[in-house]
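Engineer: Take a look at this one; I'll ask things after.
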Amino acid sequence: LTDDGVIDSGGRTAKVMIQCAASFGGNGPDDILLNARVNALGALRAGQFAQAMGVTRIICLSSIFAIDHPDNQYHESYGISKRQGAENLALFCRAIGVQLAIVCPSQIIDVEGESRAHQPLFWNLIDRAATGQDIVIFGGKDPLRDYVTVTDVARAVTGLLNRWSEGTHY
């Protein structure tokens with residue numbers, strides 16, 4: 001990135017870009033702004049970098065929370081900004097002639113525990129089960145949970161690279 005905001009690839013080229021940067025901020029004013037800068041505008045900057053590098057295909061890792069649906073109680077700042085990023089990138093890719101595949105995984109977990117900050121319910125259940133504590137589930141809502149491992153997401157991306165398919169993949 002030059003001082004005047006122009007993206008310079010330094011002469012490097014690539015055929016494929018995987019865009020997976022994200023901000024996981026909450027719904028306070030500062031978090032909303034950060035999510036918008038990283039998730040929505042950042043996707044456009046990734047598109048600019050892809051263009052500078054001569055990329056012909058982009059895989060954008062978005063989120064299941066980007067889906068605006070009445071049953072999606074998590075479609076807030078994070079989800080909205082991820083949806084906006086994917087929409088921005090799709091528009092940009094059409095304009096520059098780059099193929100785009102958007103992948104919207106559900107809640108990502110890992111075996112090392114790196115996902116603890118983003119998946120506290122899952123890790124609470126694991127910790128309680130591991131120590132023999134009772135697991136009490138309560139509440140008036142009936143939320144659905146679907147977890148996918150980071151390894152499975154990586155395999156899905158690899159599969160998509162091998163059997164290319166544009167569009168949105170859930």
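The values are calculated or read from the model by the stated rules, or taken from the named source; none is laboratory data. Given the structure is predicted, the values throughout are model-derived calculations rather than measurements. Cβ coordinates were reconstructed from backbone atoms using ideal geometry, including for glycine residues, and neighbour counts include every protein chain displayed. Remember, those area values only see protein heavy atoms, side chains included, never the ligands or the DNA or RNA. Shrake-Rupley method; radii C 1.70, N 1.55, O 1.52, S 1.80 Å.
Engineer: Does SER81 qualify as being open to solvent by less than 30 Å² (accessible area, probe 1.4 Å), closer than 26 Å to THR151 by Cα, at pLDDT below 95 and in a helix (DSSP H, G or I)?
Structural biologist: Judged against the criteria, SER81 is not a match.
Engineer: Which count do you get for residues in the stretch 113-170 that are of a type in the set (Asp, Glu), surrounded by 12 or more Cβ atoms within 10 Å (Cβ to Cβ) and under 25 Å from GLN19 (Cβ atoms)?
Structural biologist: Total satisfying the criteria: 3.
Engineer: Would you point out the residue of the stretch 132-170, among those that are of a type in the set (A, V, I, L, M) and assigned to a helix (DSSP H, G or I), that is modelled with the lowest pLDDT?
Structural biologist: VAL150
Engineer: Report whether or not ALA101 is surrounded by 13 or more Cβ atoms within 10 Å (Cβ to Cβ), touching a Cys at 6+ places or on another chain (Cβ under 9 Å) and not in a helix (DSSP H, G or I).
Structural biologist: yes
Engineer: Residue pairs, Cβ under 9 Å, 6 or more apart or interchain, first in the stretch 111-132 and farther than 11 Å from TYR147 by Cβ, second of a type in the set (Asp, Glu) and not in a helix (DSSP H, G or I). List them.
Structural biologist: Hits for this filter: ARG128/ASP134.
Engineer: How many residues does the stretch 15-54 contain that are without any contact (Cβ under 8 Å) to a residue 12 or more places away in the chain, over 24 Å from SER115 (Cβ atoms) and of a type in the set (A, V, I, L, M, F, W, C)?
Structural biologist: Result for the stretch 15-54: 1.
Engineer: While we're here: Looking for whichever is at pLDDT 95 or above and not aromatic (Phe, Trp, Tyr) here; the options are ILE126, ILE108, ILE96. Which one fits?
Structural biologist: None of the others qualify; the one that does is ILE96.
Engineer: For the stretch 87-95, indicate whether the set of residues that are open to solvent by 30 Å² or more (accessible area, probe 1.4 Å) and in a loop (DSSP other than H, G, I, E, B) is non-empty.
Structural biologist: no
Engineer: Could you list, in sequence order, all residues of the stretch 62-90 that are aliphatic (A, V, I, L, M) and farther than 15 Å from ASN35 by Cα?
Structural biologist: ILE64, ILE67, LEU89, ALA90
Engineer: Of all residues in the stretch 46-61, how many are under 14 Å from GLU166 (Cα atoms) and part of a loop (DSSP other than H, G, I, E, B)?
Structural biologist: Residues flagged as under 14 Å from GLU166 (Cα atoms) and part of a loop (DSSP other than H, G, I, E, B) within the stretch 46-61 amount to 1.
Engineer: Another question, then. On the basis of being open to solvent by 60 Å² or more (accessible area, probe 1.4 Å), touching a Lys or Arg at 6+ places or on another chain (Cβ under 8 Å) and closer than 27 Å to LEU44 by Cα, does GLN107 make the cut?
Structural biologist: no
Engineer: Another one. For the stretch 8-17, state whether one or more residues are crowded, with 16+ Cβ neighbours inside 10 Å, at pLDDT below 95 and assigned to a loop (DSSP other than H, G, I, E, B).
Structural biologist: no
Engineer: Same structure again: Restricting attention to the stretch 45-70, and to residues there that are more than 16 Å from TYR170 (Cα to Cα) and open to solvent by 50 Å² or more (accessible area, probe 1.4 Å), which single residue is modelled with the lowest pLDDT?
Structural biologist: It comes out as PRO70.
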